[in-house]
Amino acid sequence: MIPLSTPFFDGNEWQYVKDCLDTGWVSSAGQYVNRFEQLLSGAVGARSGVAVVNGTSALHLALLAANVQPDDEVLVSDLTFVAPINAIRYTGARPVLIDAEPETMQMNVKLVREYLENKCSFRQGVTRNKKSGRKVAAVVPVHILGHPVDMSSLMDIAEEYGLSVIEDATESLGASYKGTSVGNIGVASCFSFNGNKLLTTGGGGMVVSNNLDIVSLARHLSTQAKSDEVEYDHDMIGYNYRMTNIQAAIGCAQMEKLSEFVAKKRNIAAVYSRELVDIPGVQIMIEAPDVTCAYWLYTIRVDDRIFGMNSRELMRCLSDQGIQSRPLWKPMHELAINGSFTYVGGGCSSALQRDALSIPCSVHLSNVQQGKVIDVIKMASRR
Ligand SMILES: Cc1ncc(COP(=O)(O)O)c(C=O)c1O
């Protein structure tokens with residue numbers, strides 16, 4: 001099987017993990033945790049970071065640290081993995097689901113403005129939903145598939161309406177927008193180091209920010225909000241979200257490969273784009289101007305009327321040849337569990353979910369394997 005995206009360990013992972021076992025520093029404190037926080041936040045240019053158990057907990061903490069309150073509204077991408085919506089709901093806030101735009105597949109920032117202009121009022125520094133009176137507290141752009149959201153426009157809107165911007169950068173480590181790393185634009189940003197991400201710690205996440213108060217509150221909440229070094233005093237409802245030293249050790253070794261991994265992903269993407277661009281009915285993945293895409297998952301779109309088969313038929317065709325591919329997530333507004341939340345848009349995320357297919361792009365994908373993927377897609381188009 002040629003897998004979609006699997007981890008790659010050819011650096012110091014064994015040595016650093018062995019060091020944890022040899023020294024007994026295996027749990028949620030240790031030099032690798034601090035080092036990983038410094039390396040990752042440094043790589044994105046943020047002042048500080050707190051390492052946690054996964055990307056979902058990072059989002060939960062970032063929202064809490066940005067003071068999102070129960071019953072607030074939080075605008076968020078409709079076309080995403082479910083985690084950011086769940087994290088918003090953990091806080092008791094209500095997601096407002098913003099459709100994608102067709103070119104980059106990212107949050108349609110024009111719809112954010114439309115929603116705020118038409119459905120909300122802005123008074124004394126606070127934006128409220130005109131009908132419900134709920135405060136609109138934050139916006140969570142989810143940079144999906146390695147490509148950034150249109151952050152200049154979004155930051156302008158957020159400033160105008162007094163919203164906190166919390167970036168879900170879990171899929172886009174290594175990407176940048178107008179020269180600034182994704183994850184260093186909003187007030188806080190979140191990363192995931194799940195096994196299928198650009199770099200992995202097995203499972204893990206991080207909140208990074210230039211605002212040290214946010215990082216320190218997130219850190220406090222991640223350690224059961226223990227407020228005394230010695231005595232078991234706790235001043236808030238905290239969580240047990242800290243990353244272990246073993247996970248961080250793997251992360252430190254993976255960080256040494258970050259630029260190599262990004263270069264490999266970009267190289268794989270360049271080959272796919274060159275080879276697939278002329279196939280009728282296939283739309284290659286687009287990199288917007290002013291953006292450096294990290295191409296976490298290279299994703300094509302299939303127009304069945306021109307290509308001759310739809311994305312799911314192509315998926316089966318690839319699978320028959322031992323190649324894994326994957327559709328995008330069901331849009332959040334189509335999930336029954338999100339039925340009571342506002343959806344702003346016109347069906348773009350649904351169309352993308354129908355037509356899009358992510359194809360193999362592990363950093364260790366060989367030329368032969370990539371050639372096979374390309375050949376199977378070309379053959380399918382001629383059927
Ligand atoms: C967009 C997005 N946000 C959040 C997460 C959550 O990360 P984790 O699985 O580490 O909790 C993921 C993926 O796993 C994701 O794709």
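The values are calculated or read from the model by the stated rules, or taken from the named source; none is laboratory data. Quantities reported herein were computed from a predicted structural model and do not represent experimental measurements. Note that each Cβ is placed from the backbone with ideal geometry, even for glycine, and that neighbours are counted across all protein chains shown. Surface areas here come from the heavy atoms of the whole protein model, side chains and all, with no ligands, DNA or RNA. Shrake-Rupley method; radii C 1.70, N 1.55, O 1.52, S 1.80 Å.
Within the stretch 285-340, how many residues turn out to be in a helix (DSSP H, G or I) and of a type in the set (S, T, N, Q)?
Here the count works out to 3.
Taking only the stretch 136-167 into account, find how many residues are in contact with a Pro (Cβ under 8 Å, 6 or more places away or on another chain), outside any strand (DSSP E or B) and more than 15 Å from the ligand (Cβ to nearest atom).
Summing the residues that are in contact with a Pro (Cβ under 8 Å, 6 or more places away or on another chain), outside any strand (DSSP E or B) and more than 15 Å from the ligand (Cβ to nearest atom) in the stretch 136-167 gives 2.
Going through 355, 375 one at a time, which residue ends up being within 22 Å of residue 272 (Cα to Cα), acidic (Asp, Glu) and surrounded by fewer than 16 Cβ atoms within 10 Å (Cβ to Cβ)?
After applying the criteria, what remains is 375.
List pairs: first residue in the stretch 49-75 and closer than 19 Å to residue 112 by Cβ, second residue within 11 Å of the ligand (Cβ to nearest atom) and modelled with pLDDT under 95 anywhere in the structure, Cβ distance under 8 angstrom, at least six positions apart or on different chains.
Taking only residues 6 or more apart or on different chains, not a single pair turns up.
Give me a count of the residues in the stretch 31-47 that are of a type in the set (D, E, K, R) and under 13 Å from residue 250 (Cα atoms).
Within the stretch 31-47, residues that are of a type in the set (D, E, K, R) and under 13 Å from residue 250 (Cα atoms) number 2.
From the list 195, 205, 238, 186, which one is within 15 Å of the ligand (Cβ to nearest atom), in contact with a strand residue (DSSP E or B) (Cβ under 9 Å, 6 or more places away or on another chain) and open to solvent by 10 Å² or more (accessible area, probe 1.4 Å)?
The unique qualifying residue is 186.
For a quick check of your reading of the model, give me the residue pairs whose first member lies in the stretch 363-376 and is in the same structural domain as residue 322 (by TED's automatic domain parsing), whose second is among the charged types (D, E, K, R), with beta-carbon atoms closer than 6 Å and at least 6 apart or on different chains.
Once the first residue is in the same structural domain as residue 322 (by TED's automatic domain parsing) and sits in the stretch 363-376, its partners that are among the charged types (D, E, K, R) give 363/264; 374/275.
Somewhere in the stretch 242-254, is a residue part of a loop (DSSP other than H, G, I, E, B), within 16 Å of the ligand (Cβ to nearest atom) and among the hydrophobic types (A, V, I, L, M, F, W, C)?
Within the stretch 242-254, one or more residues are part of a loop (DSSP other than H, G, I, E, B), within 16 Å of the ligand (Cβ to nearest atom) and among the hydrophobic types (A, V, I, L, M, F, W, C).
Condition check: more than 16 Å from the ligand (Cβ to nearest atom), surrounded by fewer than 21 Cβ atoms within 10 Å (Cβ to Cβ) and under 19 Å from the mean Cα position of the chain (by Cα). Does residue 133 satisfy that?
For residue 133, the condition - more than 16 Å from the ligand (Cβ to nearest atom), surrounded by fewer than 21 Cβ atoms within 10 Å (Cβ to Cβ) and under 19 Å from the mean Cα position of the chain (by Cα) - is not met.
Any chance the stretch 168-180 includes a residue that's under 16 Å from residue 8 (Cβ atoms) and within 12 Å of the ligand (Cβ to nearest atom)?
For the stretch 168-180, residues under 16 Å from residue 8 (Cβ atoms) and within 12 Å of the ligand (Cβ to nearest atom): present.
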